[in-house]
Amino acid sequence: MYQQITANKVKSIFTIVFFILFISIAGYFIGFIFDYKYGAGNFFSLAILFFAFLIALVASFTSYYYSDKIVLQISNAHPIEKESDLRVSYMVEGLSIAAGIPVPKTYIIEDKAMNAFTTGRNPKNGVLVLTRGIIDNLNREELKGVISHEISHIKNYDILLGTVIVVFVGMLSIASNFILRSFFLGGGKRRSNERNIGGLLGIIMLIIGLLLIIFSPIIGTMIRMAISRNREFLADSNGVLITRYPAGLSNALRKISANSSVENASSATSHLFIADPLAKKSKPMLASLFSTHPPIEERIRRLDEMSLGIGIKK
């Protein structure tokens, strides 16, 4: 269990560091191309990155600040009444205390599918959302496993981390779009003297830079998805640390995988759920690289290993 947590944290940190290095390299080539096109030096390329970052920051954190209200409205979720389901209310309260975070507000989606997600800016504003199907079809230990997983997302500030990553991916997309439009459609004059860009080496750098900038939004999105998948594994491990019963979440995921499609889910909210509510059984090649969730079979396998076979229902 602790090995899984450590490994997932290391993978997340490594991926984030790699993302920062990738942004730095992309920024260098943006400056190289801008200088080649206009002879403006690195100052203007840094200005482009700065303004692209500002635009992405404002857009992402505006949606982040109001994300809980927007997501709850889109999902048609409503507050769960404590008296109507004391089992869920006491379970959320007890697991939140065990995790050391404030008790999140609990909402319900009237859908027969089995799924759940959390949203909110921080632990003080955490919101837990459960479908009617997951409440009705999971036993006590299974439901505790799901709730602990979601509480771990709140405790780990995964919504905040995801928003920060979205800001940087958005910055790359905006900057690369501007540079490409400027390069191919702009009115600047390219330098006629090949020596100004370093001869053959400069031309090679220019080609590499253009390819990198063209594909940087795609690469950035792939890295963002990789971070999201790592955080799912981490939430699984942290959730188990709260309940001390891996079989609960493992058995829950087996049931959820059979019926996770939520009617009101969309591509804008699917990454929040414990299992992809839009998942298709047959996926095109390389689709896993753009998936926000790791394969549910792999998650179950890891949880089964933690449980040492105790309590597992196949």
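Throughout, read-outs are computed from the coordinates displayed, never taken from laboratory work. The structure displayed is predicted, hence computed values, not measured ones. Backbone-built Cβ (ideal geometry, glycine too); neighbour counts: all protein chains shown.
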Contour excess over end-to-end distance, with Cα ends at L86 and F215 and 0.36 nm allotted per residue: 41.3 nm
Region 53-124, dipole about Cα centre (Lys/Arg Cβ +1, Asp/Glu Cβ -1), debye to the nearest 20: 240
Calculated FRET efficiency for the pair I55/R132, C-beta based, R₀ 41 Å, to 0.05: 0.55
Cα-based shape type of region 93-142, given that a ≥ b ≥ c are square roots of the gyration tensor eigenvalues and the cut on a/c is 1.5: oblate
Virtual paramagnetic centre 7 Å along Cα→Cβ of L161, amide N under 14 Å, in region 226-251: 226-239
Sequence ranges 289-298, 231-240, ranked by mean other-Cβ count within 10 angstrom, highest first: 231-240, 289-298
Cross-link table K82/K314; K124/K255; K155/K314; K105/K255; K69/K314, entries beyond 28 Å C-alpha to C-alpha: K82/K314; K124/K255; K155/K314; K69/K314
Sequence ranges 134-145, 68-79, ranked by mean other-Cβ count within 10 angstrom, highest first: 134-145, 68-79
Other-chain or far-sequence residues with amide H under 5 Å of T106's (modelled H): I80, L128
For region 130-147, 3J(HN,Hα) per residue [Karplus equation, 6.51 cos²θ - 1.76 cosθ + 1.60, θ = phi - 60°, Hz, x = Gly/Pro]: 10, 7, 4, x, 6, 6, 7, 9, 9, 7, 4, 5, 5, 5, 4, x, 5, 5
